[in-house]
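Following: one structure in structure tokens, then a few remarks.
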Amino acid sequence: MNTHLRRAAVAVVALSTAVTLAACGKAKQAGDNGDKKEKKGSLTIGLLLPENQTARYERFDKPLLEKKIKELAGTSATVLYENAKQDASVQQQQVDTMITKRVDALIVDAVDAKSIASSVKKAHDKGIPVVAYDRLAEGPVDAYTSVDNERVGKIQGESLLKELGDNAGKGQIVMMNGSVTDPNAKMYKDGAHSVLDGKVKVGKEYDTKEWKPENANENMKGAISSLGKENIVGVYSANDGMAGGIITALKSAGFGKLPPVTGQDAELSAVQRILAGEQFMSVYKPYVPETEAAATMAVALAQGKKLDGTAKTTVDSGSEKKIPAIIVDPFALTKADIPKYVGKEGFFTLREICTDKYKSACDAAGLK
């Protein structure tokens, strides 16, 4: 081959290589979430909630999320729903199913924030944005919404101290924290300790497996046996389900007057216990703004839009930095607070609360 032919061949190879590399670069960009083109037409949003023992998920979160998604994306939008029933491996399989069904975005409330990370990455690699809902999942999530979780613990601690008054120095409290697999549980605990430490003695403290009321019940029995019922002046319970199990244990132990017990989620049974004087307080987390935030971010991401102007702050997870986030403020819920919420969207109706069993308690609280 003469010199001119060799040069021509080299030029052709170089040009071919450049075209191939450029094509690869464009293909990579097209699949990148940051360059995702805006999608037109009907959307399919996957919704994965963690369990059904806590009544809030089926009663409020699911219907409110579905309603807001259809308001934003149109009635033709589809919401594919699954509940993991507190099983992390089942939730991982549910993510795989959602990927197979090619959903446009995923809203995930993780059973186990760490173990879900690999599933979040699978979705991310397929170009499916993930909104972490209520619990900050690890992995490359695109957005997050929850209440101010440390504030929840502070509200519980502050309410308990106020109710204890002088009794805070006359005995010990039991702390019943949530599951170690839930990152929120640590934030509740940290918030509570920031208020309680140095003000009251913690006699026994537990991290309750899977948040289960029956586990809290067993823990409380152990605390009563260890400390003696005459020495327990109050109980910090991280949520309402566990508060129910704790109160059952207290009653079985023969407490004449129940010590104040905290809670969280404003579940129907807890609202009724508060009215009846069995549970001192709960924390009401407004479901409407939280569900609206998740739906708004999921629809925007599914349509290929950025969250600038929607998410006002950022948070860091164990694996990611500066995740766009919307954080909602929680509120204390005592007997005096219940009347102002009854019948509002995201709370219970008078008929639901004031059953025959609780009619006299409702009458005394002015709920008629």
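The values are calculated or read from the model by the stated rules, or taken from the named source; none is laboratory data. As the structure is a computational prediction, the values presented were derived from the model and not from experiment. We place every Cβ from the backbone using ideal geometry, glycine too, and count neighbours over all the protein chains shown. Note: accessible area is taken over every heavy atom of the protein model, side chains too, but ligands, DNA and RNA are not part of it. Shrake-Rupley method; radii C 1.70, N 1.55, O 1.52, S 1.80 Å.
Tabulated results
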| item | result |
| --- | --- |
| Selection from Gly228, Val195, Gly304, by position along the positive dipole direction of the chain (Cβ) | Gly304 |
| Electrostatic dipole magnitude of the chain [Cβ: Lys, Arg +1; Asp, Glu -1; Cα centre; debye, to 20] | 820 debye |
| Residue (of Gln264, Asn217, Met98) at the positive-pole extreme of the chain, dipole from beta-carbon charges | Met98 |
| Candidate lysines - alpha carbon under 20 Å from Lys68, same-chain residues fewer than 8 apart omitted | Lys39, Lys40, Lys285, Lys305, Lys306, Lys312, Lys344 |
| Alpha-carbon centroid distance for the pair the range 327-368 / the range 110-182, whole angstrom | 25 Å |
| Summed side-chain charge close to Gly191 - residues other than Gly191 whose Cβ falls under 12 Å, Lys, Arg +1, Asp, Glu -1 | -1 |
| Of all DSSP beta bridges in the chain, antiparallel share, percent nearest 5 | 15 percent |
| Longest to shortest principal axis, alpha-carbon extents of the chain, angstrom | 106, 42, 33 |
| All-pairs alpha carbon distance profile, the range 272-368, 5 Å steps from 0, percent | 2, 11, 17, 17, 12, 9, 9, 9, 7, 5, 1 |
| Helix 240-252 axis, angle to the chain major axis (alpha carbon atoms, nearest 10°) | 30 degrees |
| Distance cut-off 18 Å, percentage of C-alpha pairs in the range 149-264 lying past it | 42 percent |
| Size of charge dipole - the range 149-264 - debye, nearest 20, with Cβ of Lys, Arg +1 and Asp, Glu -1, no other charges | 260 debye |
| Relative contact order (percent, whole number), the range 149-264, Cα cutoff 8 Å, 6+ residue spacing | 32 percent |
| Heavy-atom surface of the chain, accessible at 1.4 Å and reported per residue (Å²) | 47 Å² |
| Average Cα contact separation per residue, the range 236-333, under 8 Å, 6 or more apart, as relative contact order % | 23 percent |
| The chain - percent relative contact order, Cα under 8 Å, separation 6 or more | 17 percent |
| Pair Asp190, Leu80: separation of 7 Å Cα→Cβ label points (nm) | 3.5 nm |
| Rough spin-label spacing in nm, given labels placed 7 Å along Cα→Cβ, for Lys170 and Lys357 | 3.1 nm |
| Accessible surface of the chain [probe 1.4 Å, protein heavy atoms]: carbon and sulfur percent | 51 percent |
